[in-house]
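Report on one structure; see the data block that follows.
Derivation of every value follows stated rules applied to the coordinates shown; laboratory data play no part. Quantities reported herein were computed from a predicted structural model and do not represent experimental measurements. Positions of Cβ are generated from backbone atoms using ideal geometry, with glycine treated the same way; all protein chains shown enter the neighbour counts.
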Amino acid sequence: MRVLVLHGPNLNLLGRREPHLYGSDSLATVDARIRALAAELGVDVDIHQSNLEGELVTRIQQALGSADGIVINPAAYTHTSIALRDALGAVALPAVEVHLSNVHAREEFRQRSLTAGVCIGVVGGFGAESYLLGLRALVAHLRRTTPPGPAKARTPRAPRRARRPH
Ligand code: DQA
């Protein structure tokens, strides 16, 4: 099972950027915690950050066929980006939206998410822990809903008929 984790704009500045809102951990530290949890859960993770809307759209499109689900903090694009919403809707992979801060306790313009409606759920307000809770929730959802692959198929195949002698 493979999960794509996406960080949106300005999250590369984590640790230095408004630490009273977003915490003092750097993005590298947050990513290390995500990787540690992924290892514990037995899933592979691909993690990317971009300040560019189009690049995030492309990453989401590329997830089709290469990932089973998405954890995304669209950052400011949460509140503005129809393109990200459409990309998430187009690939239709289970996605969890996460936020470090509790956007509902902040400015009014942050209280509308264009992306949440195409996600299976939203986690916010727990700092870096939001990503970990989001990853756990996504993996639990995928394990509940993904049918076992051919290698793990429970129905035994019918025995092959013996060849008739010529
Ligand atoms: C954020 C909340 C957004 O409103 C803001 O633009 C961000 C970070 C969060 O993680 O709390 O950049 O997504």
Handout entry: For region 44-95, alpha-carbon Rg over 2.2 N^0.38 Å
Key = 1.03
Fill in the blank from the handout: Per the rule of 0.36 nm per residue minus the C-alpha distance, extending HIS48 to PHE109 adds in nm 19.4 nm
Problem - Built amide H within the under 5 Å cut-off of VAL71, gap 5+ - result: LEU4, VAL5, LEU6, VAL96
Fill in the blank from the handout: Under the Karplus relation with 6.51, -1.76 and 1.60 and θ = phi - 60°, whole-Hz ³J(HN,Hα) for region 25-38, x at Gly and Pro, equal 6, 6, 4, 4, 5, 4, 4, 5, 5, 5, 5, 5, 5, 4
Exercise for the section: Set Lys and Arg Cβ to +1 and Asp and Glu Cβ to -1, take the dipole of the chain about its Cα centre, and tell me which of GLY89, ALA76, SER26 lies farthest positive. Expected result: GLY89
Fill in the blank from the handout: Each label sits 7 Å from Cα toward the beta-carbon; between THR80 and ARG17 the label points are separated, in nm, by 1.2 nm
Practice task
Please turn the phi angles of region 114-131 into ³J(HN,Hα) values with the Karplus equation 6.51 cos²θ - 1.76 cosθ + 1.60 (θ = phi - 60°), one per residue in order, whole Hz, x for glycine and proline.
Solution key: 7, 8, 4, x, 10, 10, 7, x, 9, 10, x, x, 10, x, 4, 4, 4, 5
Handout entry: Neighbour-limited loop hits for trypsin sites (Lys or Arg not before Pro), region 70-123 (at most 11 other Cβ within 10 Å; DSSP other than H, G, I, E, B)
Key = ARG112
Handout entry: Sequence-distant residues sharing a close amide H with GLY124 (under 5 Å, placed H)
Key = HIS99
